[in-house]
1. Would you pick out the residues in region 52-83 that are surrounded by 14 or more Cβ atoms within 10 Å (Cβ to Cβ) and within 21 Å of W110 (Cβ to Cβ)?
2. Are any residues in region 101-113 in contact with a Ser or Thr (Cβ under 7 Å, 6 or more places away or on another chain) and either hydroxyl-bearing (S, T, Y) or in a loop (DSSP other than H, G, I, E, B) (or both), and if so, which ones?
3. Identify, by number, the condition in (1) over 16 Å from I72 (Cα atoms); (2) assigned to a strand (DSSP E or B) that F29 doesn't meet.
4. In region 81-113, which residues are among the aromatic types (F, W, Y) and closer than 25 Å to D25 by Cα?
5. For P34, are the conditions met, namely being at negative phi and either outside any loop (DSSP other than H, G, I, E, B) or over 13 Å from the mean Cα position of the chain (by Cα) (or both)?
6. Could you pull out the residue among L78, L98 that is farther than 24 Å from D4 by Cβ, in a loop (DSSP other than H, G, I, E, B) and free of Cβ contacts under 8 Å to residues at least 60 places away in the same chain?
7. Are any residues in region 62-80 over 13 Å from A28 (Cα atoms) and in contact with a Phe, Trp or Tyr (Cβ under 9 Å, 6 or more places away or on another chain), and if so, which ones?
8. How many residues, within region 84-93, are within 14 Å of C43 (Cα to Cα) and either of a type in the set (S, T, N, Q) or crowded, with 18+ Cβ neighbours inside 10 Å (or both)?
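Just so you know, all these numbers are worked out from the coordinates, no wet-lab data involved. The structure displayed is predicted, hence computed values, not measured ones. No Cβ is skipped: glycine too gets one built from the backbone with ideal geometry, and neighbour counts run over all protein chains shown.
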Amino acid sequence: MSSDCLFCKIAARQIPARIVHEDADVFAFEDINPQSPTHVLVCPKKHFASLEHAGAEEEAVLGKLALVAAKIAKQRKLGSYRTVINTGSEAGQTVFHLHMHLLGGRTFSWPPG
């Protein structure tokens, strides 16, 4: 846990959030600034800033993020959805604790923003 990380504080229940999934490795919560009807952030409990900082030891948890996102999408009956991991500020990352966005419930265009 990083003491100054917003998402670490959410995982530790020091900051309230609408948690929709939690297990030993991963937690997921509703985004406070949703960009679609479903906008959930899926995060590893272990702190690392981005994919750039992930090593071989994160391989399993990275796969688990995708599986948890798919599980939540299925629970919400999303026929189509988008998953996004932003890496770095120029890509739109604003919280430097790796996280996957699960977005659904509307039509998306391509290319994204």
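1. A66, A69, A70, A73, L78, Y81, R82, T83
2. Listed by number, the residues that qualify are G105, R106.
3. (1)
4. Restricting attention to region 81-113, the residues satisfying the condition of being among the aromatic types (F, W, Y) are 81, 96, 108, 110.
Scanning region 81-113 gives Y81, F96.
5. Working: at negative phi: yes; either outside any loop (DSSP other than H, G, I, E, B) or over 13 Å from the mean Cα position of the chain (by Cα) (or both): no.
So P34 does not fit the description; no.
6. Criteria check complete, one pass: L78.
7. Passing the criteria: only S80.
8. Adding up the residues that qualify gives 3.
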